[in-house]
Amino acid sequence: MHTVLGIGELLWDMLPAGPQLGGAPANYTVMAGRLGNHATVLSRIGRDALGDEALRILRSFPVDCGELQTDLEHPTGRVTVELEDGQPSYTIHQPVAWDFFELTVGWRDAAARADAVCFGSLAQRGEQSRRTIHELVRATRRDCLRIFDVNLRAPFYSAEIVRESIALATVVKMNDAEVPLVMGLLGLPAPGSLRDGADRLLAEFAELKLVAITRGGEGSVLVGRGEWDEHPGVPVRVADTIGAGDAFTAALTHYLLRGAPLKTLNEAGNRWGSFVASQSGAMPPIDAETLRRIAAEIEG
């Protein structure tokens with residue numbers, strides 16, 4: 001069993017239909033645990049009703065919550081979400097508990113044990129959490145997968161955050177709309193294609209080994225050093241897209257840790273991303289039969 005960490009925002013999506021627990025790192029960690037990894041969520045909640053409920057729900061999943069921090073001064077994170085044709089728009093409230101991460105002994109120990117760590121850009125909006133995330137990623141082993149999920153949410157990103165985060169990463173994942181934004185922030189020429197953009201990032205950052213670019217319902221492109229693969233996507237009836245990209249990243253991580261080829265990585269990411277998009281919310285119920293069926297589709 002591999003040890004996987006998801007560090008970043010843990011929050012409530014305040015949807016028209018009611019609140020749902022989310023946050024990209026939390027979504028990622030839950031899916032990583034469901035796929036059979038020892039998955040630990042590293043985040044911070046307030047000492048309030050939303051924090052208590054978040055902890056209760058997380059404990060119902062195969063997720064290690066032992067290093068979840070509690071903030072006595074700041075509330076649990078909230079995001080007001082509005083949906084139009086299944087596509088979300090966000091109002092991200094601040095300051096909240098996940099803006100104030102502390103690099104505890106427990107977090108350092110978790111980093112030392114990790115086979116993979118996933119971090120994003122949103123949780124770096126606060127200087128304290130940004131510093132903590134970078135120190136934690138640097139504390140991982142040399143062979144640890146370090147996955148930067150770009151996840152741009154205006155106005156909570158900058159050229160400095162993007163450049164420093166990619167420099168820490170061995171894998172970068174973003175969506176197709178983020179590619180030109182990232183290239184512009186880095187001062188790189190506009191790419192002629194998604195593959196071209198990925199190749200330029202690989203040339204710019206020596207530690208980077210893989211760039212994953214998702215295209216919503218149109219699939220994804222994976223580009224490594226000297227190899228690439230394109231997937232057309234898995235057609236589904238979309239309920240909402242919240243958490244679909246996080247499921248893609250978790251599946252990508254799961255199969256990367258097992259040495260799978262790019263074709264399998266792409267199949268896994270698209271199968272699980274499309275499943276979550278076909279369900280309501282970022283952490284939908286998944287029974288054992290669904291896990292077996294999708295695993296067989298990926299590997300067959």
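The values are calculated or read from the model by the stated rules, or taken from the named source; none is laboratory data. Quantities reported herein were computed from a predicted structural model and do not represent experimental measurements. Don't worry about glycine lacking a Cβ; one is built from the backbone with ideal geometry, like all the others, and counts go over all protein chains shown.
Within region 58-81, take every residue that is among the β-branched types (V, I, T) and surrounded by 16 or more Cβ atoms within 10 Å (Cβ to Cβ) and give me the one that is nearest to the chain's Cα centre (by Cα). Write out each step before concluding.
Pass one, region 58-81, residues among the β-branched types (V, I, T): 63, 70, 76, 79-81.
Next cut, surrounded by 16 or more Cβ atoms within 10 Å (Cβ to Cβ) only: 63, 76, 79, 81.
Details: V63: 15, T76: 19, V79: 17, V81: 18 Å.
If we take residues in region 58-81 being among the β-branched types (V, I, T) and surrounded by 16 or more Cβ atoms within 10 Å (Cβ to Cβ), then V63 is nearest to the chain's Cα centre (by Cα).
Taking the stated definitions as given, is A212 in a strand (DSSP E or B) and of a type in the set (G, A, S)?
Yes: the conditions hold for A212.
From R237, R225, grab the single residue that is under 23 Å from V30 (Cβ atoms), among the basic types (K, R) and over 17 Å from the mean Cα position of the chain (by Cα).
Among R237, R225, only R237 is under 23 Å from V30 (Cβ atoms), among the basic types (K, R) and over 17 Å from the mean Cα position of the chain (by Cα).
Would you check if A244 is under 12 Å from N27 (Cα atoms) and of a type in the set (A, V, I, L, M)?
Working: under 12 Å from N27 (Cα atoms): yes; of a type in the set (A, V, I, L, M): yes.
Yes; evaluated as a whole, the condition is true for this residue.
Would you confirm whether or not region 36-55 contains a residue that is of a type in the set (S, T, N, Q) and within 14 Å of G8 (Cα to Cα)?
Yes.
From the set of residues in region 238-267 that are acidic (D, E) and not in a loop (DSSP other than H, G, I, E, B), which is surrounded by the most Cβ atoms within 10 Å (Cβ to Cβ)?
D246
When you look at L201, is it out of contact with any helix residue (DSSP H, G or I) (no Cβ under 6 Å at 6 or more places or on another chain), buried (at least 20 other Cβ atoms within 10 Å of the Cβ) and part of a helix (DSSP H, G or I), yes or no?
Here the answer is yes, as L201 does meet what is asked.
Of the residues that sit in region 1-21 and are modelled with pLDDT under 90 and of a type outside the set (D, E, K, R), which one is nearest to A247 (Cα to Cα)? Give the steps one after another, and end with the answer.
Start the filter on region 1-21 by keeping residues that are modelled with pLDDT under 90, which leaves 13-20.
If we keep only those that are of a type outside the set (D, E, K, R) too, we end up with 14-20.
On the way: M14: 20, L15: 19, P16: 22, A17: 22, G18: 22, P19: 20, Q20: 16 Å.
Restricting to residues being modelled with pLDDT under 90 and of a type outside the set (D, E, K, R), the top hit is Q20.
Would you be able to say whether some residue in region 82-103 is under 19 Å from the mean Cα position of the chain (by Cα), of a type in the set (G, A, S) and at pLDDT below 95?
Yes: one or more hits.
If you scan region 31-83, which residues turn out to be touching a residue at least 60 places away in the same chain (Cβ under 8 Å), in a loop (DSSP other than H, G, I, E, B) and of a type outside the set (G, A, S)?
Scanning region 31-83 gives L35, N37, F61, T76.
How many residues does region 268-300 contain that are surrounded by fewer than 20 Cβ atoms within 10 Å (Cβ to Cβ), closer than 17 Å to V238 by Cβ and of a type in the set (S, T, Y)?
2
From the residues in region 1-30 that are without any contact (Cβ under 8 Å) to a residue 60 or more places away in the chain and in a strand (DSSP E or B), which one is farthest from A114 (Cα to Cα)?
Restricting to residues being without any contact (Cβ under 8 Å) to a residue 60 or more places away in the chain and in a strand (DSSP E or B), the top hit is G18.
Among the candidates E178, E218, which residue alone is under 26 Å from H254 (Cβ atoms) and exposed (fewer than 15 other Cβ atoms within 10 Å of the Cβ)?
The match here is E218.
Would you check if V172 is β-branched (V, I, T), modelled with pLDDT of 95 or more and either surrounded by fewer than 23 Cβ atoms within 10 Å (Cβ to Cβ) or in a helix (DSSP H, G or I) (or both)?
So V172 does not fit the description; no.
Six or more apart or on different chains, Cβ under 7 Å: which pairs go from a residue in region 163-183 that's in contact (Cβ under 8 Å) with a residue 12 or more places away in the chain and closer than 22 Å to L265 by Cα to one that's assigned to a loop (DSSP other than H, G, I, E, B) and among the aromatic types (F, W, Y)? Could you list them?
Between residues of region 163-183 that are in contact (Cβ under 8 Å) with a residue 12 or more places away in the chain and closer than 22 Å to L265 by Cα and residues that are assigned to a loop (DSSP other than H, G, I, E, B) and among the aromatic types (F, W, Y), the close pairs are I166/F205.
Residue by residue, here is whether (1) of a type in the set (K, R); (2) not in a loop (DSSP other than H, G, I, E, B) holds:
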| position | (1), (2) |
| --- | --- |
| A112 | no, yes |
| R141 | yes, no |
| A154 | no, no |
| E160 | no, yes |
| R163 | yes, yes |
| A167 | no, yes |
| M183 | no, yes |
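Might you check whether a residue that is at pLDDT below 95 and not in a helix (DSSP H, G or I) occurs anywhere in region 218-229?
Checking region 218-229: at least one residue is at pLDDT below 95 and not in a helix (DSSP H, G or I).
Could you grab the pairs with beta carbons closer than 6 Å, sequence gap of 6+ or different chains, first residue in region 93-108 and buried (at least 17 other Cβ atoms within 10 Å of the Cβ), second one assigned to a loop (DSSP other than H, G, I, E, B) and polar (S, T, N, Q)?
Partner pairs satisfying both residue conditions: A97/T76; W98/S43.
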